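The values are calculated or read from the model by the stated rules, or taken from the named source; none is laboratory data. Since we're looking at a predicted model, the values are computed, not measured. Ideal geometry is used to build each Cβ from the backbone, glycine not excepted, and the neighbour counts take in all protein chains shown.
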């Protein structure tokens, strides 16, 4: 099979799996109700490692375009998810591309997690929450934070106390799962 056709096929399959995984959201009792855990970026990270960073970003893009069909946020949630996921898989994938070792994968995944945290902070601050404030009051959103942590009484504090650690844990969890399954899947993905 042509190498580019194989990559395109794997990308399509991973985007489909990624979409299904994104719809399977796990609520976490100690976080605001809109912060749910999903594993939608797992296939994108595996794709970034096996096919390259641009393919990982493409998997994130296709997943979010498909999810636009069921959007409840006017596309803002999907845009935020794309920007967060793309920063994660691109940084991880680009580091792994030039350091194809287990250590390179670990460093790449950790750096991708940090990139996702930084990008996610600013995406939430300047895109996601301004949109939410147009449909619900800022006080209601801040109120959800302060119910769980009284001193998280501003948007920035709420993002630092809840969203940032949530993104970090999510990135580490996705990275660990990838490390556990990547070597087994790599020969299948690459057709060897």
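Could you list, in sequence order, all residues of segment 20-58 that are in a helix (DSSP H, G or I) and more than 17 Å from residue 105 (Cβ to Cβ)? Let's see the steps before the verdict.
Narrowing segment 20-58 to residues in a helix (DSSP H, G or I): 20-23, 42-50, 53-58.
Correct list: 20, 21, 22, 23, 54, 57, 58.
Within segment 1-19, how many residues are over 22 Å from the mean Cα position of the chain (by Cα) and either buried (at least 19 other Cβ atoms within 10 Å of the Cβ) or assigned to a helix (DSSP H, G or I) (or both)?
Looking only at segment 1-19, we keep the residues that are over 22 Å from the mean Cα position of the chain (by Cα), and these are 1-6.
Filter once more, so that each one left must be either buried (at least 19 other Cβ atoms within 10 Å of the Cβ) or assigned to a helix (DSSP H, G or I) (or both): 3-6.
Residues in segment 1-19 being over 22 Å from the mean Cα position of the chain (by Cα) and either buried (at least 19 other Cβ atoms within 10 Å of the Cβ) or assigned to a helix (DSSP H, G or I) (or both): 4 in total.
Screening the candidates 86, 152, 80, 115 for the property of being at pLDDT below 95, buried (at least 19 other Cβ atoms within 10 Å of the Cβ) and within 14 Å of the chain's Cα centre (by Cα) yields one hit, 80.
Here residue 68 clears all of (1) free of Cβ contacts under 8 Å to residues at least 60 places away in the same chain; (2) more than 25 Å from residue 186 (Cβ to Cβ); (3) in contact with a strand residue (DSSP E or B) (Cβ under 9 Å, 6 or more places away or on another chain) except the condition numbered (3).
Of the residues 104, 108, 93, the single one that is surrounded by fewer than 21 Cβ atoms within 10 Å (Cβ to Cβ) and assigned to a helix (DSSP H, G or I) is 104.
Summed over segment 156-183, residues that are under 21 Å from residue 27 (Cα atoms) and surrounded by 15 or more Cβ atoms within 10 Å (Cβ to Cβ) total 13.
Quickly run through segment 63-77 and pick out the residues that are assigned to a helix (DSSP H, G or I) and more than 13 Å from the chain's Cα centre (by Cα).
Of segment 63-77, the ones assigned to a helix (DSSP H, G or I) are 63-70, 76-77.
Once the filter is applied, which keeps residues that are assigned to a helix (DSSP H, G or I) and more than 13 Å from the chain's Cα centre (by Cα), segment 63-77 yields 65, 66, 67, 68, 69, 70, 76.
Pairing residues of segment 86-105 that are on the phi > 0 side of the Ramachandran plot and touching a residue at least 40 places away in the same chain (Cβ under 8 Å) with residues that are surrounded by 24 or more Cβ atoms within 10 Å (Cβ to Cβ) and outside any helix (DSSP H, G or I), at Cβ distances under 9 Å and at least 6 apart in sequence or on separate chains, gives no pairs at all. Examine segment 118-136 for a residue that is touching a helix residue (DSSP H, G or I) at 6+ places or on another chain (Cβ under 8 Å), closer than 20 Å to residue 49 by Cβ and buried (at least 16 other Cβ atoms within 10 Å of the Cβ), and state whether such a residue exists. Checked segment 118-136: at least one residue is touching a helix residue (DSSP H, G or I) at 6+ places or on another chain (Cβ under 8 Å), closer than 20 Å to residue 49 by Cβ and buried (at least 16 other Cβ atoms within 10 Å of the Cβ). Evaluating residue 37 against the criteria (1) free of Cβ contacts under 8 Å to residues at least 40 places away in the same chain; (2) in contact with a strand residue (DSSP E or B) (Cβ under 8 Å, 6 or more places away or on another chain) leaves one unmet condition, (1).
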